[in-house]
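Derivation of every value follows stated rules applied to the coordinates shown; laboratory data play no part. All figures in this text were calculated on a predicted structure; none of them were measured in a lab. Quick reminder, even Gly has a Cβ in these numbers, built from the backbone with ideal geometry, and neighbours come from all protein chains shown.
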Amino acid sequence: MRLPSVTVLVTVKNSEDTVEKCINSILKLNYPNYKIYVTDGYSTDRTWEIIKILQKKFSNKIHAERIKGNIATAHNHMIKKVKTDFIAMTDADCVVDRNWLKNLIYGFSSKEIIATAGYCSTPKAVNMIQRLIGRELEDRFDNFPKFILRAPTMNLCVRTEIAKKVKFDERFDVAQETDWGYRLVKFGKIRYVPKAVVYHHHRPTLKSFFKQQFKYGRHMPLLYFKHMKMSTGDHISKPLMIFQEFIFLFACLFSIFSFFNPNFFILSMVLFIILFISYLFKSVNLAKKFYEIPLFFFLFFFRTVAWTVGLIFGLFDFFLKDDKI
């Protein structure tokens, strides 16, 4: 049986520590009919140099170029040029399993399936922060339904004809894949294929993790005003996670109001207790060793702070800019 042709898209920027491992893993795929298309967002480290070396070595397999703009811009640029039957996507900080692409393609068992998405695991050789982030994310992937509403572009495959109909919204520096997924499902179903595995290197420091989560929070107003029905969460952004962010926001507001009316202090404390109970419950559920419970607790609180600060900035962005939706 002839397997369909696939172009694997990889967007990169300042990924010198992971990009070579990523591309080499794609080159080792157990799939006969694919090529690789890499775009670099004008990296300031050695990323582009590494890509050019690999392109020269595998010129028949790798096409690479530099693109100004964000990830959404790069994806739109690449999708416009693709001529293969399918488009697969992964990120520069991922290593793909040898059977990743084959499993994604096998997931297209009917015409109504317009995209497939796989499981995102964590490499073994990572630090404590990455391991905790990875385990929490894996817990969400472990509970995905058979058909999903969206998937991260680190592990996604789409019929090319459908991908060309739905452009990425270039206003999104992050969460562009969330918006894209919500619009893709208007054309059919996205099937979850847990056997299609990528190993994702999560943010290695609290500073980089805060920056990432801050960006997610900052783009929430644009995302959820555009997709109001999804504002209560989905299979990735769990309702509890959305709930925690707004509980924390109101708890902080009531703490400020308590300077003018002491009754607000009680409301604030009640909300903080509810928030901390939700953190504790999840921390106990995820921890494999006792000492990991306070680490998860801190990580969840840290993430909520980043989201909330980002949300406040995002609300200002949304209501002050002209190109809202």
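Proximity of backbone amide H atoms, modeled 1.01 Å from N, is registered between residue 147 and 192 at under 5 Å, excluding neighbours fewer than 5 places apart on the same chain. Counting only Cβ charges, +1 for Lys and Arg and -1 for Asp and Glu, the dipole size of the chain around its Cα centre is about 1020 debye. Take the Cα radius of gyration of the stretch 144-206 and divide it by 2.2 N^0.38 Å, N being the number of residues; the result is 1.22. Sorted fewest first by neighbouring Cβ atoms within 10 angstrom, 283, 15, 5 come out as 5, 283, 15.
Along its principal axes, the chain has C-alpha extents of 70, 48, 42 angstrom, given from the largest down. Ordering 252, 157, 22 from the fewest to the most neighbouring beta carbons within 10 Å gives 252, 22, 157. Comparing mean-square fluctuations of 194, 294, 262 from a GNM of the chain with C-alpha springs under 10 Å, the top value falls on 262.
With θ taken as phi - 60° and the Karplus curve 6.51 cos²θ - 1.76 cosθ + 1.60 applied, the whole-hertz 3J(HN,Hα) list for the stretch 218-225 is 5, 8, 4, x, 4, 5, 7, 6 Hz, x standing for glycine and proline.
Quickly estimate the mean residue ellipticity at 222 nm for the chain, helices only: each DSSP H run with n ≥ 4 gives -39500 (n - 2.57), and the total goes over all residues, rounded to 500. Each step should come with its number before you reach the end.
On the way: 12 runs with 157 residues, N = 325.
-15500 deg cm²/dmol, from helical runs alone.
With both residues required to sit in the chain, DSSP beta bridges show an antiparallel share near 30%.
Treat every Asp and Glu Cβ in the stretch 205-325 as -1 and every Lys and Arg Cβ as +1, leave all other atoms uncharged, and give the resulting dipole magnitude about the Cα centre to the nearest 20 debye. The partial results should precede the final answer.
Working: 13 positive and 6 negative charges, 71 e Å.
It works out to roughly 340 debye.
Listed values for the stretch 311-321 are Karplus-derived 3J(HN,Hα) couplings in whole Hz (6.51 cos²θ - 1.76 cosθ + 1.60, θ = phi - 60°), namely 4, 4, 5, x, 5, 5, 4, 5, 7, 9, 8, and x replaces Gly and Pro.
Decide, for the stretch 1-150, between rounded, prolate and oblate: order the square roots of the alpha carbon gyration tensor eigenvalues as a ≥ b ≥ c, take rounded if a/c falls under 1.5, and otherwise choose prolate if a/b is larger than b/c, else oblate. Judged from the Cα gyration tensor, the stretch 1-150 comes out oblate (a/c at least 1.5, b/c at or above a/b). A simple spin-label model places pseudo-atoms 7 Å from Cα toward Cβ; at residue 272 and residue 17 they are separated by 3.4 nm. GNM remark for the chain: springs join alpha carbons under 10 Å apart, and the peak mean-square fluctuation among 160, 39, 232 falls on 232.
Cross-linked pairs 226/282; 167/226; 56/195; 28/61; 83/111: Cα-Cα separations exceed 21 Å for 226/282; 56/195. Ranking of 193, 305 by neighbouring Cβ atoms within 10 Å, starting from the fewest: 305, 193.
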